[in-house]
1. Kirkwood-based Rg over Rh for chain B (C-alpha set), two decimals?
2. With a 10 Å Cβ neighbour count serving as the proxy for reagent exposure, in which order, fewest first, do B:248, B:8, A:137 appear?
3. List every DSSP H helix in chain B whose Cα atoms extend 24 Å or more along the helix's own long axis and whose mean Kyte-Doolittle hydropathy is at least 0.5.
4. Provide the net charge surrounding residue A:206, with neighbours chosen by a C-beta distance below 15 Å and charges set as Lys +1, Arg +1, Asp -1, Glu -1.
5. So, counting K/R as plus one and D/E as minus one, what does the shell of residues with Cβ under 14 Å around residue B:37 add up to?
6. Residues in the stretch B:100-122, backbone N under 18 Å from the label point at residue A:46 (7 Å along the Cα-to-beta-carbon vector): list them, ranges by number please.
7. Efficiency by 1/(1 + (r/R0)^6): what FRET value for residue A:94 and residue B:251, r their Cβ-Cβ distance, R0 = 41 Å, to the nearest 0.05?
8. With 10 Å bins from zero, work out the P(r) of the protein assembly as shown over every alpha carbon pair and list the percent per bin.
Amino acid sequence: MGGANERATRQDRSGTTVSDGLASTMSQDEVARLMRRRGEESRWWWIVPTVYIVVLLLPIYWLINMSFKTNSEIVSSLTLYPHAPTIGNYVTIFTDPSWYKGYINSIIYVVMNTVISIAVALPAAYAFSRYRFLGDKHLFFWLLTNRMAPPAVFALPFFQLYSAFGLIDTHIAVALAHCLFNVPLAVWILEGFMSGVPKEIDETAYIDGYSFPRFFLRIFMPLIASGIGVACFFCFMFSWVELLIARTLTTTAAKPIAAIMTRTVSASGLDWGVLAAAGVLTILPGALVIWFVRNYIAKGFALGRV
Amino acid sequence: MEKTWNNKAWFLVLPVLVLVAFSAVIPLMTVVNYSVQDTFGNNVFFWAGTEWFEELLHSDRFWEAMLRNLVFSFIILAIEVPLGIFIALNMPKKGWAVPVCLVLMALPLLIPWNVVGTIWQVFGRNDIGLFGYYVNALGINYNYVQDPIDAWVTVIIMDVWHWTSLVVLLCYAGLVSIPDAFYQAAKIDGASRWAVFRYIQLPKMQRVLLIAVLLRFMDSFMIYTEPFVVTGGGPGNSTTFLSIDLVKTALGQFDLGPAAAMSLVYFLIILLLSWVFYTVMTNYDAER
């Protein structure tokens, strides 16, 4: 076809002009071929990520492997896969209240913490992303310091503070204590997402006669729905993985699963199978929800600043 | 975005302020209070002035824990940052592999910290752990329970395993924001792989790298749960980092005064570092 030929020649010519200008003799085709050969699109791109992922998954595989073994198999010999697979360890956890109550306790305080954190962080993040006000920068910095604060520093004073209020061994105590690092995190992440929404939307809504609460709930929150989801995920996660404060503030009634696990290790040091099964079950919630926020993981870990 | 000056915005920040004040300021006040008092029990306190601080600053135990913690932080930064950059550079840029890689790599970040400790406690054992067993099978004498160096190696490998993905994710986020045109221009100029990295990719990753380095430094500086579960601070005191030492003093021995003084010094260091971080960040944002 004449047309296609003509286009090809024109492209060729423009390619030569570009390279002439840059004192190089390569045509665009050659450049593209070179790029393919160098790195990005080579056939072996998958080696590094695959090796890395295999290394990451090995210890996790070992835990899963152990959770399906009987204690005698674990102790007697090193087997690469369970020779006599058993779900006995999981049955133990799901039938013994002292085990499964740990999960329920953890989930209760984690959900409470997520709800509280997001509820207070939403208006604050809006204020930071839209307005300048007296002391805003100092306040933002102060919030950051709380994300950086070592939990070890707060363990003892938290214990005394919540004792004074008679809140020791309640879910709300842990939920409030975890706000220390989750509220700043939520504010930072949400502020990042809110700054991406043009301010004209706010102004148009106000001109249309929306009041602030109605605008915020009806128009603004749906716009940053993904941001709220990501913030929820990170609050959930950081509250879920924290142990020191949760363990310090609870004794029996609200004891998290993580603390129950450490107790078992020190008490018997023998029941490896159940311990492994409990560990696997603590990984599951994170593994299940991460798929929904996969595109925003980096943004969340970077405190909303990518 | 141009922001309007409006002091009424304070009402929107108020809930956060009240909540964080309750969970941060009041406890810190308690700590300050204890750090300048002494007690013989029964809730009778008397003024001790700067006694605890002087004692702390002259205690070998504190400085040793601090030194150990700093060495630990620098080692893991020296491994995790280059490794993270290297892996991020080799990540797929598009297609089905991207989400799969991201999710699988992020997995260690979502495991409760004591479970991370448990995983490595088991994985490194030379009787029932894959890693310990095969390292010993290779003829290397490895036992993290008795040998301080092996304990360090275990804790460092664990941290690299746990947190390198954070550096990878952040660097990757920086890399995908580079337009294709940059690479094409570099290829036309005949730039080497190193030149592309040095003059295109590294500058674009600067900001995320800054976040990664500082987050990793802060978090490794206050690491507690993982080494505590694996080694319990031992053998001897060889893996007793600042947080482990602090919790031993505060909740183990209930030495309120020394623990409070230590908390304050510790917190001030963190505060100083956060301030440096914040200043660098805001300056960086202002320049762009």
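1. Numbers: Rg = 23.4 Å, Rh = 22.4 Å.
When Rh is taken as the Kirkwood radius, the ratio is 1.04.
2. On the way: B:248 19, B:8 9, A:137 12.
Listed from fewest to most nearby Cβ atoms, that is B:8, A:137, B:248.
3. Membrane-span-like by this rule: B:60-89, B:148-175, B:202-221, B:256-287.
4. Values: positive: A:130, A:199, A:214, A:218, B:8; negative: A:200, A:202, A:203, A:208.
Net of charged neighbours comes to +1.
5. Value of the local net charge: -4.
6. B:100-105
7. Numbers: r = 32 Å, r/R0 = 0.78.
The pair residue A:94/residue B:251 has a calculated efficiency of 0.80.
8. So the P(r) values, bin by bin, are 3, 15, 24, 25, 18, 10, 4, 2, 0, 0.
No value in this document is a laboratory result; all are computed from the given coordinates. The structure displayed is predicted, hence computed values, not measured ones. Note that each Cβ is placed from the backbone with ideal geometry, even for glycine, and that neighbours are counted across all protein chains shown.
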